[in-house]
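Working notes for the structure below.
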Amino acid sequence: PSGTGKWNENANWTGGVGPSNVTEVRFNVADAIPCTVTNAAFAKVMRIGLGGPGGTLIITNGGSLACSSADEWNSIGMNNTGLMVVENGGSASFGNHLWIGFEPSADGTLVMNGGTVSVAQMFGLGWNGGKGTALINGGTLNLNQLSPTDSIKGESLLNVAGTGKVVIN
């Protein structure tokens, strides 16, 4: 409650040690203040809303998040809620899958108001029965894999508007 919520401040993390490219990062603390990425940030894998409400992760202008694992998937709303917002000038890259609203109990949302999000493997909204929403209002969502039958399921939604675009390599 006394922290600023910035990713790069050790005091904002359980145990007082901030994440690195070998750390699994979980956002699952009820009533946590939004976490803000304002500069370069690294994690092995990021899971918002695994085992508790995920809250909000905001990547601002000049902020970048690199999740390096090619062997482990990332999530926004894994089995609970979660929100990730990428502002103009921000970026996020995921070395494996990105699941948004994965499990039936999940409700995850990605909002892009600019910037870039890149996913090296599969992208899924509601892949395993949850609800996933991706609002691409600006910026570019770069995807390497998109299943015509499984990437957008159930009540999930991919909405591309304004200056937003989705590139499937």
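Quick one: net charge around VAL117, please, counting Lys, Arg +1 and Asp, Glu -1 for every other residue with C-beta under 15 Å from its C-beta. Mind showing how you got there, number by number?
Values: positive: LYS165; negative: GLU87.
Combined, the nearby Lys, Arg, Asp and Glu give 0.
Computed 3J(HN,Hα) for the range 59-69, one whole-Hz value per residue from the Karplus formula 6.51 cos²θ - 1.76 cosθ + 1.60 where θ = phi - 60°, is 9, 8, 4, x, x, 9, 10, 10, 9, 8, 5, glycine and proline marked x.
Highest mean first, the peptides 89-96, 78-85 sorted by other C-beta atoms within 10 Å per residue fall in the order 78-85, 89-96. Less than 5 angstrom separates the built amide H of SER118 from those of ALA92, SER93, PHE94, ASN142, all sequence-distant by 5 or more or on a different chain. The residues packed around GLY77, meaning those with a beta-carbon under 13 Å from its beta-carbon, carry a net charge of 0 if Lys and Arg are +1 and Asp and Glu are -1. Heavy atoms of the protein chains alone define the surface here; on that basis the range 73-169 has 39 Å² accessible area per residue at 1.4 Å probe size.
Under a 1.4 angstrom probe, counting protein chains only, how are ARG47, ARG26 ranked by accessible area, largest first?
Values: ARG47 20, ARG26 120 Å².
The ordering from most to least exposed comes out as ARG26, ARG47.
Distance between the 7 Å Cα→Cβ label points at ASN39 and VAL160: 3.5 nm. Among all the lysines, which ones have a C-alpha under 26 Å from LYS6's C-alpha, if same-chain residues fewer than 8 places away are not counted? The reachable lysines, counting only those whose Cα sits under 26 Å from LYS6, are LYS44. Our summary gives the range 43-169 a relative contact order of 20 percent, counting only alpha carbon pairs under 8 angstrom and 6 or more residues apart.
Cβ neighbours within 10 Å, averaged per peptide: list 27-35, 100-108 in order, most packed at the top. Write out the running numbers ahead of the final one.
Details: 27-35: 15.8, 100-108: 25.1.
Most protected by this proxy first, the peptides run 100-108, 27-35.
Whenever you get a sec, compute what percent of the accessible area on the chain sits on carbon and sulfur atoms (1.4 Å probe). Within the chain, the accessible surface is 50 percent carbon and sulfur. Amide hydrogen proximity for LEU157: with H placed 1.01 Å from N in the peptide plane, the residues at 5 or more positions away or on another chain lying under 5 Å are GLY132, THR133, ALA134.
The values are calculated or read from the model by the stated rules, or taken from the named source; none is laboratory data. None of these values were measured; they are calculated from a predicted model. Here the Cβ is made from the backbone with ideal geometry for all residues, glycine too, and neighbour counts use every protein chain on show. Just the protein is used for accessible areas: all its heavy atoms, side chains included, with ligands, DNA and RNA removed. Shrake-Rupley method; radii C 1.70, N 1.55, O 1.52, S 1.80 Å.
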